[in-house]
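Take a look at the structure set out below.
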Amino acid sequence: MARLIDTQSLPELPSQITLSPGDVLVLQASGGYVQTGDDVLEMLGAYQPGLLQAAGTVLSPMGAPGTVLLRALQPGQATVNVVMGDPWFSPETHTLGVIVEV
């Protein structure tokens, strides 16, 4: 069964992680891209938070995205560059190695 893996509790990202096919990785980041292995790992997007209201509308703050989702597709290796911090004034790019194995 696939897992939803939240990295919010980590003080900093490790340099390498291991996932299984179908896993979704939630990173507290403002952006990023799959540098190598886009057949192994898919970036689903960078998202802003939203709050569903009782009337069925969604309330979202202005500003940069704060969450990036990555999905493991198949066994192999990938490299992801993750942009953290304020994307306009002090962005930091971290390289993350991802191994997807069964």
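Of all alpha-carbon pairs in region 14-53, indicate the percentage at a distance above 17 angstrom.
Working: 318 of 780 pairs.
Pairs farther apart than 17 Å: 41 percent.
Of the chymotrypsin sites (Phe, Trp or Tyr not before Pro) found in region 46-102, those that fall in a DSSP loop while having at most 13 other beta-carbon atoms within 10 Å are TRP88, PHE89. Local charge for LEU19 was computed over the other residues whose Cβ lies under 11 Å away, with Lys and Arg +1 and Asp and Glu -1, and equals 0.
Would you kindly state how much longer the chain becomes between GLN35 and THR93 on full extension, computed as 0.36 nm times their sequence separation minus their alpha carbon distance, in nm to one decimal? Show your work: numbers first, answer last.
Numbers: separation 58, 0.36 × 58 = 20.88 nm, distance 1.22 nm.
Stretched out fully, the GLN35 to THR93 stretch lengthens by 19.7 nm.
Evaluated on region 39-102, the Kirkwood hydrodynamic radius is 14.0 Å, with distances taken between all distinct Cα atoms. Considering only ALA72, LEU44, PRO61, and ranking their Cα positions along the charge dipole of the chain that arises from unit charges at the beta-carbon of Lys, Arg, Asp and Glu, the one farthest toward the positive end is PRO61. Express in whole angstrom the spacing between the alpha-carbon centres of region 70-100 and region 22-58. If we compute the Cα centre of each part, the gap is 12 Å. Considering only beta bridges that DSSP places wholly inside the chain, some 80 percent are antiparallel.
Carbon-plus-sulfur accessible fraction, region 1-64 (probe radius 1.4 Å, protein heavy atoms only): 56%.
The values are calculated or read from the model by the stated rules, or taken from the named source; none is laboratory data. Since this is a predicted model, take the numbers as computed values, not measurements. Cβ sites come from the backbone with ideal geometry, for glycine too, and all protein chains shown count toward neighbours. To get the accessible areas, we keep the full protein, side chains included, count just its heavy atoms, and leave off ligands, DNA and RNA. Shrake-Rupley method; radii C 1.70, N 1.55, O 1.52, S 1.80 Å.
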